[in-house]
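Since the structure comes first, as C-alpha cells, the remarks are kept for the end.
The values are calculated or read from the model by the stated rules, or taken from the named source; none is laboratory data. Worth saying up front: this structure is predicted, and the values here are computed from it rather than measured. So basically every Cβ, Gly included, is an ideal-geometry build from the backbone, and we count neighbours across all protein chains shown. Side chains are part of the model used for accessible areas, which takes the heavy atoms of the whole protein and leaves out ligands, DNA and RNA. Shrake-Rupley method; radii C 1.70, N 1.55, O 1.52, S 1.80 Å.
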Amino acid sequence: MVTVKDVAKKAGVATSTVSRVINDHHSISENTKRKVRKVMEEMGYVPNKTAQNLGKGSANAIGVILPPLNSKEKIGNPFYLEIIEAINEEALKHGMATAIASARNFDNLLENVKQMHLQRQVDGFILLYSDRSDPIIDYLTTHNINFILVGQPYDQEEVVSYVDNDNQLLGKQATEHLIENGHKRILFVTNTADEILYFERYFGYQKALMLAGLKTFPAIELLGPDDYMTFGDSLKESQATAIVVIDDIFALRVLQLAELHGYKVPDDISLISFNNSIFATLMHPYLTSIDIAIHELGQRGTLALINQLKHQDQPVSGMRIVIPHQLIERETVKHLN
C-alpha cells in the first residue's frame, strides 16, 4: 500500500508537506500542490479520509433523521427515499457522506441520534419531519448541534432554520380545486394526528371552505383498523362528494376503503392528495395530487446545512426557505359543474 512517506520521497518533499497538500493548506504553493498531486496520481495514492477528518475535527458527513417508522405506510412512503436520494446527491457534490438515523419509536431514535453526535459520526443533521411529541429538536438545540428541519417547527421558530412548502396554502389550494369543480361537502382524511404538516394542511382546508361559505368537517383520523371499519359511516353521515387526503400513499388506502364501503372513485367520491409520488400513477384511476418538489426540498435543505457548517462562528437565527408546489390534475376529481 502506498503511504504518505512514499509520496513524499518520490516528490522530494517532507511528509508534512504532503499532508498539507491533501488538506489543501494555504501555506503550500500552487506549484508544489500540483507536483505532489501528480505524484499521488501516478502512484495511485488514496488519502485516508477518516484520518483527515479526525485531524480536522470533522466527520465530513450529514446525519439524516427519519421519523419513527411505526407503520407500513411510513416504511413504504416514497417521500423518504426520494428526499434521501436528493440529500445524498447534493452532499456528494460537496465531498460529504450521509448517515441515516431511524427507529420505531422516539426513545430509540433519540438514542441513535445521541450516539451519532457523541461519537462524532456526523457534523450536523437534517430532520425530515416535525412532530409535537418529538424529543430530537430539544436535544439538538440544547446541545447547539447544527441541523436543518424539513418541515415547519412547532416552536423556536426564531432559532430553528427550516425548508418547507407552504402547507397551509397546499391544503387551501387542494380544497379550492374541489370547490371549483362543484364540490360543496368535502372531508379531510389523515393517518397522522401529531405531525405539523397535518395541522397546516387541515387549516388550509378549513380556510378554503370558510372563504367559500361552505361547511367544514372535523378531520377524520384513520389511525388503525377500527377507524377503517367506521369510515363508511363518516361518508354516509357527511354526504361528502370529495376528500382531501394527507398524502399519496394513504390516498391508496382511502380509495380502497371507499370502494370497500360501496363508493366508487371518482363517480361517487373524488380524491385529491399531496406529494405527487410514484403511487399517484400506479393506482387507477390516476390520482390528482400536488407536487411538493421533494428533490428540491432535499437539495435546498442540504445546501442550507452545509452553509451553516461553514459559518459556525455566526450566531444561530431561524431561516425559512419556502419551496414552490404545483397541482397535477389526473382522474380522481369528478367535475360536478
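Would you list the P(r) distribution for the chain, with all Cα-Cα distances sorted into 10 Å bins from 0 and each bin expressed as a whole %?
Calculated over all Cα pairs of the chain, the distribution is 5, 22, 26, 19, 13, 7, 5, 2, 0 percent.
Return the calculated 222 nm mean residue ellipticity for the chain, to the nearest 500 deg cm²/dmol, obtained by summing -39500 (n - 2.57) across DSSP H runs with n ≥ 4 and dividing by the residue count.
Rounded to the nearest 500, it is -14000 deg cm²/dmol.
If ligands, DNA and RNA are left out, what is the accessible area of residue 238 with a 1.4 Å probe, given in Å² to the nearest 10?
It works out to around 10 Å².
At a 1.4 Å probe radius, carbon and sulfur cover how many percent of the accessible area of the range 1-42?
50 percent
Given all pairs of different Cα atoms, what value in angstroms does the Kirkwood hydrodynamic radius of the range 1-42 take?
When all Cα pairs of the range 1-42 are included, the Kirkwood radius is 9.9 Å.
What FRET efficiency comes out for residue 142 versus residue 5 if R0 is 41 angstrom and r is the Cβ-Cβ distance? Round to the nearest 0.05.
Efficiency at R0 = 41 Å is approximately 0.35.
Taking 8 Å as the Cα distance limit and 6 or more residues as the minimum spacing, I'd like the relative contact order of the chain as a percentage.
Relative contact order of the chain: 17 percent.
Give me a comma-separated list of calculated 3J(HN,Hα) values for the range 72-82, in order, Karplus coefficients 6.51, -1.76, 1.60 applied at θ = phi - 60°, integers in Hz, x for any Gly or Pro.
Along the range 72-82, the couplings run 5, 4, 6, 4, x, 5, x, 3, 5, 5, 5 Hz.
For the range 87-190, which semi-axes, largest first and in whole Å, follow from the square roots of 5 times the eigenvalues of its Cα gyration tensor?
Calculated on Cα positions only, the semi-axes equal 34, 17, 13 Å.
Can you pull the one-decimal nm distance between simple spin-label points at residue 107 and residue 14, each 7 Å off the Cα toward Cβ?
5.5 nm
Could you state the accessible area per residue of the chain in Å², with a 1.4 Å probe and every protein chain left in place?
Each residue of the chain exposes 50 Å² on average to a 1.4 Å probe.
Once the piece of chain linking residue 120 and residue 193 is laid out straight, how much longer is it, given 0.36 nm per residue of separation minus the C-alpha distance between them?
Between residue 120 and residue 193, full extension yields an extra 22.9 nm.
Straight distance only, please: which lysines reach the Cα of residue 38 with their own Cα at less than 28 Å, same-chain residues fewer than 8 apart left out?
By straight Cα distance, residue 38 reaches 5, 9, 10, 49, 56, 93.
Using a simple charge model, +1 on the beta-carbon of Lys and Arg, -1 on the beta-carbon of Asp and Glu, nothing else, what dipole does the chain show about its Cα centre, in debye to the nearest 20?
So the dipole magnitude of the chain works out to roughly 1620 debye.
Taking Cα pairs under 8 Å and at least six residues apart, what relative contact order does the range 167-292 come out at, in percent?
After rounding, I find 25 percent.
Give me the count of lysine pairs in the range 215-337 whose alpha carbons sit under 27 angstrom apart, restricted to pairs 8 or more positions apart or on different chains.
Close lysine pairs under the 27 Å cut-off: 6.
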